[in-house]
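Read-outs throughout are calculated quantities, based only on the coordinates presented, and are distinct from any laboratory measurement. All of these numbers come straight from a predicted model, not from anything done at the bench. Glycine gets a Cβ as well: all are built from the backbone with ideal geometry, and neighbour counts include every protein chain shown.
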Amino acid sequence: MLLAIETSCDDTCAAVVDGARILSNVISSQAAAHEGFGGVVPEVAARHHLELVAPVVEAALGEAGATLDDIEAIAVTAGPGLIGALLVGVSTAKGIAAARRLPLIPVDHLQGHVAANFLEPEPLEPQFLCLVASGGHTLLAGVRDHEGYELLGQTLDDAAGEAFDKSARLLGLGYPGGPAIQREAEQGDPEAFEMPVAMSRNPGLDFSFSGLKTALVYRCRELGPEGVAARRADLAASFQAAVVEQLATKLKRALKKGDWEAVALGGGVAANGPLREAVAELCEERGVRLKLVPISLCTDNAAMIGAAARHAPRIEYPDYLGYDAFASGETAGAAH
Ligand code: KG4
Ligand code: ZN
């Protein structure tokens, strides 16, 4: 049984997992604390994690009906993410592990999003193609084993979730932007405004979202504040359609290039309804199995960190006492 901790961004998360089984998965969202800023403020996030991490860990153990006596190792997100936020999780994990002389398992956050697919219900076994689209990252991962993935393509500028968040702010919608845009778009026409679908003629598997964001800035300028208010739903729907089209186009291209039998989605943007529908259609068309994890496992959570930790190297006590979080890059053994 593993205790996992995730504090890389603005959610304080702890979970207890036993193999592919989730015994508890507690998430304390700080979204309300950052809403007024239209994005995550790193200092605010770190201070909230500090207050929340101990009660969240206790809640995770309590909900699992477990005590630290049942825990064989402590897993923790070591990076990438906000360094102050990560340090809270890593220090907490090291503290608990050291007090109990337990091993520590540092986990790469992106490998965590991939590993969410290894969890129940219906665990997916490699090999599969995984699109990870979150607030900080957008990438296509070729998953051939449990330990890591091959990076097939990634964003050259903004992440898909970041584009949702920045565009929602521009449209006067709330934070986080993805769900706010999706809700607003339900009342809008996705073809009302022509938005650029970047990289569609580029033969590679990389993504780009900054041009789309700039296009939206220009549309908003042309419309003026009243025009934006009147056409908000159309703007949201057109923006969302362009993001979904780019993600689906690249996924389709990756499927054509490889011999993949299954597709999985991960990261917060994978909660997006129209994206799920577009990918489902694509998979049906190509006769490929589609694995959609529950939305609670798409957005940041600690169960996925526990899932990745099952297949990651353990560091025995006391060798991890000097171990540090990292803001960017990869842990050894994550991507390969
Ligand atoms: O994976 P995640 O919880 O945190 C990071 O690792 O970044 O992803 C958060 C991102 C945010 O940018 C949020 O706006 C986006 O996921 N998101 C969505 C939806 N729900 C969350 N984007 C589009 N549609 C959604 N329904
Ligand atoms: Zn994430």
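Answer yes or no: is there a residue in region 292-305 that is surrounded by fewer than 15 Cβ atoms within 10 Å (Cβ to Cβ), of a type outside the set (A, V, I, L, M, F, W, C) and away from ligand 2 (no atom under 16 Å from the Cβ). Spell out how you get there, then give the answer.
As a first pass, look at region 292-305 and keep what is surrounded by fewer than 15 Cβ atoms within 10 Å (Cβ to Cβ): 294-296.
Pick out the ones that are also of a type outside the set (A, V, I, L, M, F, W, C) and you get 294, 296.
Applying the additional criterion that residues be away from ligand 2 (no atom under 16 Å from the Cβ) yields none.
No, region 292-305 has no match at all.
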So Gly306 clears everything in (1) within 20 Å of His113 (Cα to Cα); (2) more than 17 Å from the chain's Cα centre (by Cα) except one condition, right? Which one? (2)
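Among residues belonging to region 178-195 that are closer than 28 Å to Pro80 by Cβ and touching a residue at least 60 places away in the same chain (Cβ under 8 Å), point out the one that is nearest to ligand 2 (Cβ to nearest atom).
Restricting attention to region 178-195, the residues satisfying the condition of being closer than 28 Å to Pro80 by Cβ are 178-182.
Going one step further and asking which of them are touching a residue at least 60 places away in the same chain (Cβ under 8 Å), we end up with 178-179, 182.
Values: Gly178: 12, Pro179: 15, Gln182: 18 Å.
Ranking the qualifying residues of region 178-195, first place goes to Gly178.
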Just wondering, is there one or more residues in region 132-149 that are more than 13 Å from ligand 2 (Cβ to nearest atom) and in a helix (DSSP H, G or I)? no
Can you tell me which residue among Ala78, Ala85 is farther than 26 Å from Trp260 by Cα, outside any helix (DSSP H, G or I) and within 16 Å of ligand 1 (Cβ to nearest atom)? Ala78
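Inspect region 270-285 for any residue being crowded, with 17+ Cβ neighbours inside 10 Å, of a type in the set (A, V, I, L, M) and more than 16 Å from ligand 1 (Cβ to nearest atom) and give the result as yes or no. Let's see the steps before the verdict.
Of the residues in region 270-285, the ones crowded, with 17+ Cβ neighbours inside 10 Å are 270-272, 274-276, 278-279, 282-283.
Still in the running and of a type in the set (A, V, I, L, M): 270-271, 275, 278-279, 282.
With the extra rule that they be more than 16 Å from ligand 1 (Cβ to nearest atom), the set shrinks to 282.
Taking every residue of region 270-285 in turn, at least one turns out to be crowded, with 17+ Cβ neighbours inside 10 Å, of a type in the set (A, V, I, L, M) and more than 16 Å from ligand 1 (Cβ to nearest atom).
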Filter pass, Gly39 being within 16 Å of ligand 2 (Cβ to nearest atom), assigned to a loop (DSSP other than H, G, I, E, B), within 15 Å of the chain's Cα centre (by Cα) and not charged (D, E, K, R): no
Spot the failing condition for Leu173; the list is (1) within 14 Å of ligand 1 (Cβ to nearest atom); (2) under 18 Å from Pro274 (Cα atoms); (3) of a type outside the set (Lys, Arg); (4) touching a helix residue (DSSP H, G or I) at 6+ places or on another chain (Cβ under 6 Å), and only one is missed. (2)
Region 106-161, subset within 16 Å of ligand 1 (Cβ to nearest atom) and of a type in the set (Asp, Glu), residue nearest to Ala75 (Cα to Cα): Asp108
Of all residues making up region 42-75, the number that are part of a loop (DSSP other than H, G, I, E, B) and either touching a Lys or Arg at 6+ places or on another chain (Cβ under 9 Å) or not charged (D, E, K, R) (or both): 4
